[in-house]
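The values are calculated or read from the model by the stated rules, or taken from the named source; none is laboratory data. What you are looking at is a predicted structure, and each value in this text was computed from that prediction instead of being measured. No Cβ is skipped: glycine too gets one built from the backbone with ideal geometry, and neighbour counts run over all protein chains shown.
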Amino acid sequence: MDKNKYFIIDFDSTFTKVEALDELCEIVYDGSSAKEEISNKVKEITEEAMSGTLSFKEALSKRVDLIKANKDHLSELVTRLKKKVSDSIIRNAVFFEDNPNHVLIISNGFKDFIAPIVTQFGVKEENIYANTFTFDGEGNISGFDETNPLAGDNGKVKVMKDLDLDGDIYVIGDGYTDYQIREAGLADRFYAFTENVSRAHISAKADHVAPSFDEVLYVNKLPMAISYPKNRITVLLLENIHPEAQKTYSTEGYQVEVVSSALDENELAEKIKNVSILGIRSKTNVTKKVLESANKLMAIGAFCIGTNQIDLEACMQKGVAVFNAPYSNTRSVVELAISEIIMLMRNLPDKIRAMYEGKWDKSATNSFEIRGKKLGIIGYGSIGAQLSVLAESMGLEVYYYDLVEKLALGNAKKCTTLKELLNVSDIISLHVDGRASNKNIIGEAEFKEMKEGAILLNLSRGSIVDIKALSENLKSGKLRGAGVDVFPEEPKNNSEPFVSELVGLSNLILTPHIGGSTLEAQHNIAEFVPGKIIEYVNTGNTFNSVNFPNLQLPILENAHRLLHIHHNVSGILAKINQVLAKHNINIVGQYLKTNEKIGYVITDIDKEYDIAVIKDLKAIENTIKFRVLY
């Protein structure tokens, strides 16, 4: 680092996650009935001082008088503070070790507890500027050294004037007293540190808002512990995705924006600019046009089972990994299917509607048990297979049809053709994906093959059933009833009306695409999808990606990881290794996997290398995207 650069760092809520005097108060009054009252008073005074609405000397005096601590309490405070150092400071401990002459701690706190914390990171004792306590004969804190400039207003400014540092000076802190150094013209930049506390009026005065110490190092082009500040990773979540997803991304340090509804193509093309991670459900279509505007997109999370709303090939060509939740809402969909089968076999939709109209129709006409009936399942994936097991346990005789060879569960019988399944089934439940070849797989010809009085369920994709043909077969009585949860055209949000020619038909259950909409399922999805994407961002792991070669990688230790995504043409691996050999780089580990469109090479290398290698790797012909992890 340039020998004339100095980093002036605050202690409370910057170097540590907490205000030390607030912690000291918690220790002193532990178990006391007055703890909450005094703690709240101390915190209020702290906030007033940090905001600049109370003179610092007055605030300091008031807090010391309120806390009434003893020297013995300070050792416990130090123990606590050692566990509460800011995460990004811990992560970048090497920076402090490597630059002991360039880091100064200037704090209105007390050296008594600051020195034991910061010196363990390599900060020199003589570079710590802080207040000091005074004690009485019994070791009680009686006050503080009032001659210390840091005990009064503009104390940090006075210290900086006395230091008269020659060079570029960067101040990092969370409070008004830190900003005052910049305001006085004694610093080149003020970074509002918001990792622990965010004060809007302080951030507004800052030259740069730093959600982490990584951000400070990044903008100054200094070595840091991670390859990219997490606060620069932006997430856009659409369609009322469960709040757990936002919480997970925010906890990771990402910047998250939430939009409750779906967006159309033009809206999303505009919104996706500068977005790193996109989260959607089933109503948002990610098209090639949208992806052309996605200049920073790394990954898409489909918070549902299907991914047909995403142009997976265009994502591959763009180097965007896509992840979904293939199993997280399986049980919820199956339970809805079972419940609708029972309701439709008992003719309950019509019975319920009549009751609401004040009509009493107590009769067994057109009401049947499900036991002994034949259930035909089209699509024997995770949902179809689980439906098979539950249905059989309730006495249904199960048949299934799938284009892919699938092992029958329990006593389920495989049908070799769709026609065979349609001919035999009393109830037909659809569980296929929305690929183009599945469009209208149930149309007029298929309805003709069904039994008279059959029941049809579609809880999978709106495009797979010809709605007009379904409507006509319900009206004619060919079908006893139907349950439909998905539609070719669906409202983008709950404010738009639902329009369909199915509305008003008898013995029909219409639901607003809620097959997987249970709190349990949405919570599971909101845990699973962000977990996979964060793992991809942090490690390069693509296991469970629906469009990338699947690679499950070992943990990265004492190395840098190079992620190279390229068109699947011959010779790329050889070219990568030629570049590495040219720069005399030792390969610690290397992994390659391809699919029909792209290749994915992960190379772990020793930490010491010529930075020019990155430029050469990016320049390899047919490179789609390149990232470095460390």
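Quick notes
- Being closer than 20 Å to Ile300 by Cβ, among the polar types (S, T, N, Q) and not in a helix (DSSP H, G or I) holds for only one residue in Asn550, Asn584, and it is Asn550.
- On inspection, Ile352 fails the criterion of being in a loop (DSSP other than H, G, I, E, B), closer than 22 Å to Leu459 by Cα and not polar (S, T, N, Q).
- Number of the exception - Ser107 against (1) more than 27 Å from Leu163 (Cα to Cα); (2) touching a residue at least 12 places away in the same chain (Cβ under 8 Å): (1)
- Residues located in region 205-246, provided they are over 13 Å from the mean Cα position of the chain (by Cα), surrounded by fewer than 20 Cβ atoms within 10 Å (Cβ to Cβ) and under 30 Å from Ile514 (Cβ atoms): Asn240
- Near pairs, Cβ below 7 angstrom, 6+ apart or cross-chain, from region 360-388 (at negative phi) to any residue that is β-branched (Val, Ile, Thr) and assigned to a loop (DSSP other than H, G, I, E, B): Ile378/Val432
- Any hit, region 91-100, residues being in contact with a Lys or Arg (Cβ under 7 Å, 6 or more places away or on another chain) and of a type outside the set (Asp, Glu): yes
- Residue ID - surrounded by the fewest Cβ atoms within 10 Å (Cβ to Cβ), chosen from residues in region 50-84 that are closer than 16 Å to Asp22 by Cβ and acidic (Asp, Glu): Asp65
- Some residue of region 25-47 being in contact (Cβ under 8 Å) with a residue 60 or more places away in the chain and not in a strand (DSSP E or B): no
- As for region 479-494, it holds no residue that is at pLDDT 95 or above and surrounded by fewer than 14 Cβ atoms within 10 Å (Cβ to Cβ).
- Residue within region 360-375 that is over 19 Å from Asn507 (Cα atoms) and touching a Gly at 6+ places or on another chain (Cβ under 7 Å) present: yes
- Counted residues, region 314-359 - those being assigned by TED's automatic domain parsing to the domain that holds Tyr536 and free of Cβ contacts under 8 Å to residues at least 24 places away in the same chain: 0
- Selection count where residues are in contact with a Pro (Cβ under 8 Å, 6 or more places away or on another chain) and either assigned to a loop (DSSP other than H, G, I, E, B) or under 22 Å from Leu312 (Cα atoms) (or both), scope region 429-469: 2
- For region 554-574, a residue qualifies if it is surrounded by fewer than 18 Cβ atoms within 10 Å (Cβ to Cβ) and either outside any loop (DSSP other than H, G, I, E, B) or of a type outside the set (Asp, Glu) (or both), and the qualifying residues are Pro554, Ile555, Leu556, Asn558, Ala559, His567, Asn568, Val569, Ser570, Gly571, Leu573, Ala574.
- Yes/no for Leu297 being surrounded by 18 or more Cβ atoms within 10 Å (Cβ to Cβ), at pLDDT 95 or above and more than 18 Å from the chain's Cα centre (by Cα): no
- The residues listed here are Gly531, Gly540, Gly504; of these, the one that is within 30 Å of Gly384 (Cα to Cα) and touching a residue at least 60 places away in the same chain (Cβ under 8 Å) is Gly531.
- Strands (runs of 3 or more DSSP E) wholly inside region 587-630 containing at least 3 residues that are under 20 Å from Ala321 (Cβ atoms), under 26 Å from the mean Cα position of the chain (by Cα) and not acidic (Asp, Glu): 598-605, 623-629
- Residues in region 389-428 that are in contact (Cβ under 8 Å) with a residue 24 or more places away in the chain and in a helix (DSSP H, G or I): Leu390, Ala391, Leu418, Lys419, Leu421, Leu422, Asn423, Val424.
- Flag if Phe543 is closer than 30 Å to Phe303 by Cβ and surrounded by 15 or more Cβ atoms within 10 Å (Cβ to Cβ): no
- Pairs with Cβ under 6 Å, 6+ apart, first in region 182-211 and more than 16 Å from Gln255 (Cα to Cα), second in a loop (DSSP other than H, G, I, E, B): Arg189/Asp207; Phe190/Ala206; Phe190/Asp207; Ala192/Ala206
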